[in-house]
Amino acid sequence: YRLMARAHEELGRPDAARATYARAVELRPQYWATHVWLANFHRSRGNLADAAREYERAVELTPDNAPVRGILAGMYMFLGRYADALAECERSIALSPTSITYGVLGGTQYRMRRFEDAIVSQEKSRSMLEDFRSVGNVARAHFWAGQKDRARELFERAIELGEREIAVNPRNDEVHIALAEYAARLGRRREALDHLSRSRLENPHFMFFAAMVHNQLGDSAQGRQWLDKASAAGLPPAE
């Protein structure tokens, strides 16, 4: 059922995919992974509240599951439940520290405008796994902490790592979106818009990034249009 649901997703049949994942949960409700499969689907569609509920069920079934706790913390972060996100990060790290969880911890601190704390957490994430995400997250924290020269160096490194991934999979929307933002932060208009044009902007978070890219490039009207689209598509108000 998981593979069938995934096939429906790839074929652009979200209703069939959701029903098939739900069928897997119905068949094995006490198996934590079925809830993660459904949660992942909701997350990919931008339905973060629904995703959080399924991750919560998975955590109830496997309370020592550090990775799932880390992902649940991420949902709380996006939903603006920052105290819950911090608490879940602490539980996950106590069980088994991971790059993802430190990244969520830093992302939560970043959203709380605790930029110096965010730098420390994101550097821990990067030390465990250096990829375009972890380096880009450190760069953002430095950027908003007022350390623009250091941020520029890190955005350059994040672009380098992202370009390697694009060379392997040119259709990776997440990488294109990230590279568009990094290029915009560096003032590289053509590069930023090129990556943005190669992304499928269906997820509300991707729409949100499109808004940030246009705003960073000085296209405030287009930025506002994308922000309105993101909001209408379900972007959490906290974001």
_Extension gain (nm, one decimal) between Ala33 and Arg150, 0.36 nm per residue minus Cα-Cα_ = 38.1 nm
*Please identify every one of the chymotrypsin sites (Phe, Trp or Tyr not before Pro) in the range 196-239 that sits in a loop by DSSP and has no more than 10 other beta carbons within 10 Å of its own beta carbon.*
none
*Taking the highest mean first, how do the peptides 188-200, 103-115 order by number of other beta carbon atoms within 10 angstrom per residue?*
103-115, 188-200
*Whole-Hz ³J(HN,Hα) from phi, Karplus 6.51 cos²θ - 1.76 cosθ + 1.60, for the range 44-59, glycine and proline x*: 5, 8, x, 8, 6, 5, 5, 4, 4, 4, 6, 5, 4, 5, 4, 5
*Give the distance, in whole Å, between the Cα centre of the range 192-212 and the Cα centre of the range 21-77.*
26 Å
*Label-point separation (nm) for Glu116 and Asn172, each offset 7 Å from Cα along Cα-to-Cβ?*
3.5 nm
*Hey, rough spin-label estimate for Asp64 and Ala7, points 7 angstrom out along Cα→Cβ, what's it come to in nanometres?*
3.7 nm
*Å² per residue, accessible surface of the chain at 1.4 Å*: 50 Å²
*For the range 128-239, which whole percent of the accessible surface, found with a 1.4 angstrom probe, sits on carbon and sulfur atoms?*
48 percent
*Quote to one decimal, in nm, the extra length available between Ser220 and Glu90 on full extension: 0.36 nm per residue of separation minus the C-alpha distance between them.*
43.0 nm
*Calculate the spin-label point distance for Glu163 paired with Ala83, positioning each point 7 Å from the Cα along the beta-carbon direction, and give it in nanometres.*
4.6 nm
*Under the definition of Cα pairs under 8 Å and six or more residues apart, what whole-number percent is the relative contact order of the range 89-239?*
13 percent
_Could you tell me the ratio Rg/Rh of the range 8-80? Both radii from Cα atoms, Rh via Kirkwood._
0.98
_Counting pairwise Cα distances across the range 113-232, what percent come out greater than 17 angstrom?_
56 percent
*Calculate, for Arg189 and Arg53, the FRET efficiency according to 1/(1 + (r/R0)^6) with r their C-beta to C-beta distance and R0 41 Å; round to the nearest 0.05.*
0.50
*Acute angle (nearest 10 degrees) that the helix 132-144 long axis makes with the longest principal axis of the chain, alpha-carbon atoms*: 60 degrees
*Divide the volume of the convex hull of the Cα atoms of the range 142-195 by its number of residues and quote the answer in cubic angstrom per residue.*
66 Å³
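The values are calculated or read from the model by the stated rules, or taken from the named source; none is laboratory data. Being a predicted model, the structure only gives us computed values, none of them experimental. Every residue, glycine as well, gets a Cβ built from its backbone with ideal geometry; the counts of neighbours run over all protein chains shown. Protein only, heavy atoms only, side chains kept; ligands, DNA and RNA dropped before computing areas. Shrake-Rupley method; radii C 1.70, N 1.55, O 1.52, S 1.80 Å.
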